[in-house]
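Below is one structure, written out as structure tokens, with a few remarks after it.
Every number in this text was worked out from the coordinates using simple rules, so none of it is lab data. Small disclaimer: the values here were computed from a predicted structure and weren't measured. All Cβ positions, even for glycine, are placed from backbone atoms using ideal geometry, and neighbour counts span all protein chains on display.
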Amino acid sequence: MNIDPWNYTKEELRNWAYSVTDSIPDQDWNLSVANSGYEDLVLELASDPDCPNQKVMLGCLYMITGDMIFDRNDDERNTEIEGLLSQAENMENIEVRKWASESRNLIRNPDTFNYDYWCNRV
């Protein structure tokens, strides 16, 4: 599937996520998705066991948290992520709930940040 990795719509992201592919559109795809403004969609895709790229979307959730730690002064972004974490805590998907729990722990203890764990999962 051909998708511009830095300029795509929600529908294009959804279509890519549900495509059966072994490749990501760009080496920085997780960074692109984490900063796309489509966090709710990423959470939806990461929690869907029928999504072929569920693990990639889960990695993007981790990148969202990791990126937030780098830019802690962005109150609007922090509020958005807080809402995302609240949604995730009530989802059935155990991996998504684990992400939410680990994210809350990282926010409380930012000195424990490990780049590879949070930002290099795709």
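Quick rundown of the values:
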{"item": "Tabulated pairs, region 1-27, first without any contact (Cβ under 8 Å) to a residue 40 or more places away in the chain, second exposed (fewer than 15 other Cβ atoms within 10 Å of the Cβ) and of a type in the set (Gly, Ala, Ser), C-beta under 6 angstrom, 6+ apart or interchain", "result": "Met1/Ser19"}
{"item": "Tally of residues being without any contact (Cβ under 8 Å) to a residue 40 or more places away in the chain and not polar (S, T, N, Q) across region 62-95", "result": "14"}
